[in-house]
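The values are calculated or read from the model by the stated rules, or taken from the named source; none is laboratory data. All of these numbers come straight from a predicted model, not from anything done at the bench. Glycine also receives a Cβ, built like all others from the backbone with ideal geometry; neighbour counts cover every protein chain displayed.
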Amino acid sequence: MTVGVGIIGTGVMGSDHARLLAGAVSGAALTAVFDVDQQRAAAVAGSAGSARALADPIELIHDDAVDAVLVASSDPTHEAFVLASIAAGKPVLCEKPLAPTVDGCLRILDAEAASGRRLVSVGFMRRYDPGYVDMKTILDSGEIGAALVLHCVHRNASAPASRFRGDVITNSAVHEIDLARWLLDDEIVAASVYTPRAGATRDIQILVLESATGVLVDIEVFVNARYGYDVRCELVGEEGSVSLDAAPATELRRAGMAGRRLPGDWRPRFAEAYRRELQDWIERLRNNRNPGGADGWDGYSATAVAQACVAALETNTRQEVKLTAKPHLYA
Ligand SMILES: NC(=O)c1ccc[n+]([C@@H]2O[C@H](COP(=O)([O-])OP(=O)(O)OC[C@H]3O[C@@H](n4cnc5c(N)ncnc54)[C@H](O)[C@@H]3O)[C@@H](O)[C@H]2O)c1
Ligand SMILES: O[C@H]1[C@H](O)[C@@H](O)[C@H](O)[C@@H](O)[C@H]1O
């Protein structure tokens with residue numbers, strides 16, 4: 001069986017996912033796309049064989065050729081499209097964040113629980129990155145003993161002004177929030193946020209998260225680092241540490257220096273993770289299994305922690321994270 005996928009939002013990520021579904025993921029066919037920018041949608045449809053650019057996102061969700069929906073539109077639009085997909089009984093892979101507000105995520109959890117089926121996946125693709133997977137395997141094997149501290153660095157070359165302040169957390173640091181929960185298999189219970197020099201934009205922040213079992217997680221998130229895309233991580237355990245650097249393919253020696261080039265954005269760095277994420281989603285749908293990767297609960301929990309961080313940033317106080325009871329669907 002081939003899974004027909006419809007994509008809502010054909011910007012940077014939607015067009016990258018379209019390219020993967022059309023050429024690098026087996027068992028899938030890109031059948032329909034929608035974007036409020038109709039020219040952009042038409043260009044993506046034209047580059048992917050028989051996909052049609054539709055005039056309405058709800059029409060796309062209900063289209064007979066769409067077995068599953070991929071939401072890659074801007075963050076505040078996710079909730080409505082995920083709810084409409086659940087109402088139509090169709091699996092939906094939603095780019096992160098599931099929704100930028102806790103209330104939005106709770107509405108999605110309620111709708112999915114009422115449907116009685118696991119339909120929602122969230123695009124926290126780092127769970128599929130070979131380096132992070134290796135890190136988790138090492139931690140779970142006991143080689144470095146129990147986890148104590150997770151240090152994370154997340155730098156973007158640049159970001160639009162709208163990404164500053166709270167969005168730095170809900171749009172960017174949310175990756176590390178999910179990563180910490182997944183890697184440590186633990187929930188985050190409290191958060192504090194610090195900023196160097198009281199700049200107006202807050203485009204660099206240090207988040208300190210406390211896990212339920214007492215692991216500390218520090219995240220430097222800097223969305224305007226200028227020099228390139230740079231994501232790093234070190235997990236310190238009682239008997240050793242494991243660290244993850246930017247993947248070096250080649251080392252360049254010239255003009256009195258030796259070094260590696262950094263990508264301009266996330267697409268080259270996480271290319272393999274995006275491919276594996278989509279392949280796993282399609283394989284599971286073809287085999288009638290629950291969708292893998294991050295689920296609705298993970299999406300909700302990441303946003304709840306992110307919003308606690310936003311409150312910590314705004315009030316300059318440590319914030320406790322209070323999660324709702326976990327619905328049985330996610331047990
Ligand atoms: N997993 C990752 O590493 C990763 C990387 C980048 C972006 N993202 C997420 O993917 C999503 C898209 O990000 P992007 O970088 O591609 O942004 P983008 O601005 O390039 O694309 C967003 C697209 O959504 C469209 N859009 C806006 N409102 C819409 C609506 N109501 N209906 C349909 N289309 C609408 C816009 O016209 C645009 O084409 C965001 O949620 C972002 O957080 C995830
Ligand atoms: O939407 C993007 C995306 O999620 C990237 O993976 C992340 O590095 C950026 O900070 C964010 O703005």
Checking G23 against (1) buried (at least 17 other Cβ atoms within 10 Å of the Cβ); (2) free of Cβ contacts under 8 Å to residues at least 24 places away in the same chain: exactly one of these is not met. Which one? (1)
Mind counting the residues in the stretch 145-198 that are part of a helix (DSSP H, G or I), of a type outside the set (S, T, N, Q) and either modelled with pLDDT under 95 or not assigned by TED's automatic domain parsing to the domain that holds E220 (or both)? 5
Give V153, V215 a once-over and let me know the one that is farther than 22 Å from Y229 by Cβ and not aromatic (F, W, Y). V215
Those residues of the stretch 61-87 which are in contact (Cβ under 8 Å) with a residue 60 or more places away in the chain, out of contact with any Phe, Trp or Tyr (no Cβ under 9 Å at 6 or more places or on another chain) and over 18 Å from N171 (Cβ atoms) amount to A65, V66, D67
Within the stretch 59-83, the residues that are more than 26 Å from F124 (Cβ to Cβ) and hydrophobic (A, V, I, L, M, F, W, C) are A65
Look at E187 and say whether it is within 16 Å of ligand 2 (Cβ to nearest atom) and among the acidic types (D, E). no
Just for the stretch 77-87: of the residues that are under 14 Å from L60 (Cβ atoms), within 9 Å of ligand 1 (Cβ to nearest atom) and not small (G, A, S), which one is surrounded by the most Cβ atoms within 10 Å (Cβ to Cβ)? F81
Scanning the stretch 132-181 residue by residue, those near ligand 2 (Cβ under 10 Å from one of its atoms) and charged (D, E, K, R) turn out to be R155, R163, D167, E176
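Kindly check whether there is at least one residue in the stretch 43-53 that is among the polar types (S, T, N, Q) and more than 16 Å from ligand 2 (Cβ to nearest atom).
So far as the stretch 43-53 goes, yes, one or more of its residues are among the polar types (S, T, N, Q) and more than 16 Å from ligand 2 (Cβ to nearest atom).
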Determine whether the stretch 88-99 contains at least one residue that is free of Cβ contacts under 8 Å to residues at least 40 places away in the same chain, within 28 Å of P268 (Cα to Cα) and buried (at least 21 other Cβ atoms within 10 Å of the Cβ). yes
Only one of (1) at positive phi; (2) modelled with pLDDT of 95 or more; (3) within 16 Å of ligand 2 (Cβ to nearest atom) does not apply to R202, and that is (2)
What pairs come up if the first residue lies in the stretch 120-139 and is free of Cβ contacts under 8 Å to residues at least 60 places away in the same chain and among the β-branched types (V, I, T), the second is buried (at least 22 other Cβ atoms within 10 Å of the Cβ) and part of a helix (DSSP H, G or I), and their beta carbons are under 8 Å apart, counting only those six or more places apart or on different chains? V133/R127
V25 more than 16 Å from ligand 2 (Cβ to nearest atom), closer than 19 Å to E283 by Cα and within 22 Å of the chain's Cα centre (by Cα): yes
